[in-house]
Amino acid sequence: MAAYLAKRLGYYAVLLLAAVLLSYLLASYALDPRAYYEGRQPPLSAASVDHHLTALGVNDRTPLLSRFTSWAGHAVRGDLGQTIDGTPVGAEFGRRIGVSLRLLLLGTIAGTVLGVLAGAWTAVRQYRPADRAMTIASFALLSTPVFLLAVLLKIGAIWFNEKTGTDVIQFTGEKTPGVDSGFWAVAKDRGVHLLLPTISIALGAIAGYSRYQRSTMLDVLGSDYLRTAAAKGLRRRTVLLKHGLRTALIPMSTYFSYGFLALFTGATFTETIFGWHGMGEWFISSIGKNDVNSVVAVNVFAAVMVLLSGFLADVLHAALDPRIRNA
């Protein structure tokens, strides 16, 4: 198992280098930092614009290979350059990464666990009312755009607050200004603000994972080894959980890693709609400003998270499949 995971780590290291290179090349070709300085009053001279762009390391008149080499040399030392506004990218990155991770990790864990359980549960109850209801709900969620789902949740929160005459559900920003004293007061305030964005992320994950898990579980339920385990007198719960669900999770482990990218895309819209100042909102605003260094930083963050998800999926795969664990 150790050799297998070491080999996978080397594979992911190569993929990360490729992702960094492609992110920088695509951002440099697609964005025009020079346009950020157009329309200024008083207008900046061409020499002044060149000076600013050179200081940022994004001057399009400098060869692309030289720009990338300079950026990569600083990046390996922890310096991600400066934003188009002249502030350190690393400082902005550090401030926003915690915001996004709170949203992504909670939404991902909740959506994955509940989606897997829902898929396995409906597979055992195939074609029963519960299975049909879950199928309808899943397809309804999958066909609903992320931004529309977030807006509907906000409308529901407004309706609930008006009906109860309270402001129990908060949906703007990650915290209430002025609430910074007392651990429990801060934790409660953060939890209230985290509720709707987390639900928005988790619902999409539940819908997707439940459909895949139902399909893989149905394949397992008709297998010979489950019938053999039941014939040996094992309890139905043991047969389904220890032998059925464990085997059905093996093909799902690969889907987990690639599903994370879709979750990150959804979080981009979720952060913007709910006023969370995380990586997704930063990514959108950076594209609008033609901020090459910031866009590259967000892309690298997304690549690292997807590759980490892939490695965790490999660990799960090895833990579930003895053929890999004992290789």
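The values are calculated or read from the model by the stated rules, or taken from the named source; none is laboratory data. Remember, predicted model here, so these are calculated numbers, not experimental data. So basically every Cβ, Gly included, is an ideal-geometry build from the backbone, and we count neighbours across all protein chains shown. The accessibility values were calculated without ligands, DNA or RNA, using every heavy atom of the protein model including side chains. Shrake-Rupley method; radii C 1.70, N 1.55, O 1.52, S 1.80 Å.
Odds and ends about this structure:
- Verdict on residue 10 being part of a loop (DSSP other than H, G, I, E, B), of a type outside the set (A, V, I, L, M, F, W, C) and loosely packed, with under 13 Cβ neighbours inside 10 Å: no
- Total residues in segment 175-198, condition without any contact (Cβ under 8 Å) to a residue 24 or more places away in the chain and among the hydroxyl-bearing types (Ser, Thr, Tyr): 2
- Across segment 183-204, the number of residues qualifying as among the aromatic types (Phe, Trp, Tyr) and modelled with pLDDT of 85 or more comes to 0.
- Selection within segment 11-34 - closer than 21 Å to residue 286 by Cβ, within 23 Å of the chain's Cα centre (by Cα) and of a type in the set (Ser, Thr, Tyr): 23, 24
- Residue match in segment 23-36 (condition: among the hydroxyl-bearing types (Ser, Thr, Tyr), buried (at least 18 other Cβ atoms within 10 Å of the Cβ) and either more than 14 Å from residue 290 (Cβ to Cβ) or at pLDDT below 85 (or both)): yes
- Residues that are open to solvent by 80 Å² or more (accessible area, probe 1.4 Å), within 15 Å of residue 207 (Cβ to Cβ) and not hydroxyl-bearing (Ser, Thr, Tyr), drawn from segment 133-147: 136, 139, 142
- The one condition from (1) among the β-branched types (Val, Ile, Thr); (2) free of Cβ contacts under 8 Å to residues at least 24 places away in the same chain; (3) open to solvent by 50 Å² or more (accessible area, probe 1.4 Å); (4) in a loop (DSSP other than H, G, I, E, B) that residue 172 does not meet is (2).
Residue-wise test of (1) open to solvent by less than 40 Å² (accessible area, probe 1.4 Å); (2) modelled with pLDDT under 85; (3) among the acidic types (Asp, Glu).
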residue	(1), (2), (3)
262	no, yes, no
270	yes, yes, no
275	yes, yes, no
285	no, no, no
308	no, yes, no
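- When every residue of segment 176-193 is checked against the conditions, at least one turns out to be among the small types (Gly, Ala, Ser) and open to solvent by 80 Å² or more (accessible area, probe 1.4 Å).
- The condition of being farther than 23 Å from residue 268 by Cβ, within 25 Å of the chain's Cα centre (by Cα) and not hydrophobic (A, V, I, L, M, F, W, C) holds for only one of 79, 131, 60, that being 79.
- Filtering segment 145-185 to residues that are in contact with a helix residue (DSSP H, G or I) (Cβ under 8 Å, 6 or more places away or on another chain) and either hydroxyl-bearing (Ser, Thr, Tyr) or on the phi > 0 side of the Ramachandran plot (or both) leaves 172, 173, 176.
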